[in-house]
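First the structure, in the form of C-alpha cells, and then the observations on it.
The values are calculated or read from the model by the stated rules, or taken from the named source; none is laboratory data. Remember, it's a predicted structure, so these values are computed and weren't measured experimentally. Neighbour counts run over all protein chains shown; Cβ positions are idealised from the backbone, glycine included.
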Amino acid sequence: MEPALEPGDWDVDSDASLVFMYDGEVLDTSNKVLALYLLEQQRETDRLQKQIARFNQILQDNVVTPQENPPLTKEDSLHKRFRRMKAPEFEGPANSIEADTWLLDIQIILDFMGLTEQEKIRCASLMLKKDAQHWWMTVQVRRNVTTMSWQDFMIEFRAMYYNWEILTAQQNEFNIFR
C-alpha cells in the first residue's frame, strides 16, 4: 500500500504517469505536460504562500500602535464649539453700554448654541478677563454657582457693571431723538 500524499506531494508510478495531490484531490495523469504544469503551479503556490507568511510576519513585527488622543469630553467639545463662535471677552470696569453690549452679544451666542443654564454660565465666565474674572471669583465664593441660573448670573453681572442712572439717562436721550 502506497503512503498517502499530502497537498503538493507528487510521485511517479510504474506506468510513468504522475500521481499528484492538487487542490485536495489526487490526480493520476498520464499526460506528462499537464502533470508537469500542475506540479509547477503547486510549487509556485507554495512559494507564494511562504512569501505571504513572511510578509505577514514582517507586518506584525512592525505594527506601530497609534497613540490615540483621549476622546473629547463633553466639556472640551462645548468649549471648542463656544470658542468657534468668537465670543467677545469682557475685562471689567467699563461703561454700562460696553457691559450691556457684551452681555447681549454673549446671550445671542449662548441662545444660538442651545445651551443649558449651567453651560451658559460656564461659557460666559470663560470670557471674563482681568478685573471681571476677579469679580466672578468673588461671586463663586459668595454663592453656590452650581445651582445658579442664567438669570441669576445676569442679575449679578448687571449689579456689578451697570450704572442704572447712566443707562436711564442714555435711554431718555435716545428716546428724545426718536
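Results, tabulated for the structure shown:
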read-out	value
Lone qualifier among 138, 147, 168 - being part of a loop (DSSP other than H, G, I, E, B) and at negative phi	147
Test: residue 118 is in contact with a Ser or Thr (Cβ under 8 Å, 6 or more places away or on another chain) and under 17 Å from residue 78 (Cα atoms)	yes
Number of the exception - residue 138 against (1) touching a residue at least 24 places away in the same chain (Cβ under 8 Å); (2) surrounded by fewer than 16 Cβ atoms within 10 Å (Cβ to Cβ); (3) over 21 Å from residue 81 (Cα atoms)	(1)
One residue from 105, 76 being in a helix (DSSP H, G or I), at pLDDT 80 or above and under 30 Å from residue 156 (Cβ atoms)	105
